[in-house]
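Accompanying notes for the structure given below.
A short reminder: the numbers here are calculations on the coordinates, not readings from a lab. The structure displayed is predicted, hence computed values, not measured ones. Neighbour counts are summed over all protein chains in view; Cβ atoms, including those assigned to glycine, are modelled from backbone coordinates with ideal geometry.
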Amino acid sequence: LFFIALVTINAQTIDQGVQLMESEKFGEARSIFKQIAEKTPEASEPYYYLGESFYINDNLDSAKYFFNKGIEMNSKNGFCYAGLGKIQLDKKQKEADRTLEKAWNYSKKNAKSYVAVARAYIDGDNKNPNKTIELLSPLTADYKDPSIFETLADAYVILNDGGKAMSNYQ
């Protein structure tokens, strides 16, 4: 029984943590992200999702801490710059666009990282769905990641363009 529990703990993934976060089980999700971060400290993705779990709950100081921790662990990964840029957008800080541009440049053909950058423009308080569309539309031919199309659809919903939203959701 102990061996089975150990295997289950080791088998936890970012995707499982994201599913828990989407189900608003933030404590469980954070536990998974922290375990992954401890095992692979050079990976920014678990730090991004830790930050994101706090961002969703309006705990911006903790979110910023984890985004900065991810940047500290790997300064060439777009995920945590995307999270930090989202906070800067919310606070209307001038460096937000530069931070998000850096995130985009460091995304290195990682569709989920590109989506993290694009979502920064529609998830926060200062929405810019046109920027999200501008960033993601060129990627639809090369990437088949559903999160690209879902994010585009969400941007079109904000713009009240139901037809384009539905075609992207489909």
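Rounding to the nearest 20 debye, state how big the charge dipole of the chain is about its Cα centre with +1 on each Lys and Arg Cβ and -1 on each Asp and Glu Cβ. Working shown, then result.
Values: 21 positive and 23 negative charges, 80 e Å.
Computed charge dipole of the chain: roughly 380 debye.
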Review point. For the stretch 130-170, max minus min Cα coordinate along each principal axis, in Å, sorted largest first?
Key: 26, 21, 12
Check your understanding: From the phi of every residue in the stretch 119-129, what ³J(HN,Hα) in whole Hz does the Karplus formula 6.51 cos²θ - 1.76 cosθ + 1.60 yield, where θ is phi - 60° and glycine or proline is x?
Key -> 5, 4, 7, 10, 8, x, 6, 10, 6, 9, x
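Can you give the percent of C-alpha pairs in the stretch 28-84 whose distance is more than 14 Å?
On the way: 672 of 1596 pairs.
Here the tail beyond 14 Å accounts for 42 percent of pairs.
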Check your understanding: Taking Lys108 as the anchor, which aspartates and glutamates have their alpha carbon closer than 17 Å to its alpha carbon, excluding any fewer than eight residues away along the same chain?
Key -> Glu42, Glu45, Asp142, Asp145
Review point. Helix 45-56: angle to the longest alpha-carbon principal axis of the chain, degrees 0 to 90, nearest 10?
Key: 70
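Please report, in whole Å³, the volume per residue of the convex hull around the C-alpha atoms of the stretch 50-139.
Values: hull volume 7.3 nm³, N = 90.
In the stretch 50-139, the Cα hull volume divided by residue count equals 81 Å³.
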Exercise for review: Just the number, please: Stokes-Einstein D of the chain in µm²/s, Kirkwood Rh from C-alpha pairs, 20 °C, 1.002 mPa s.
Suggested key: 131
**Study point:** Positive dipole terminus of the stretch 70-170, leading residue within Ser137, Cys80, Ala118 (C-beta point charges)
**Key:** Cys80
Review point. Between the helical axis of 146-158 and the dominant principal axis of the chain, each derived from Cα atoms, what acute angle in degrees is found, rounded to the nearest 10?
Key: 50
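Could you work out the helix-only [θ] at 222 nm for the chain, with each DSSP H run of four or more residues adding -39,500 (n - 2.57) and the total divided by the number of residues, to the nearest 500 deg cm²/dmol?
Numbers: 11 runs with 124 residues, N = 170.
Rounded to the nearest 500, the figure is -22000 deg cm²/dmol.
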Point to revise | Cross-link reach list, lysines versus Lys92, counting only Cα pairs under 16 Å and skipping chain neighbours closer than eight places | key: Lys64, Lys127, Lys131
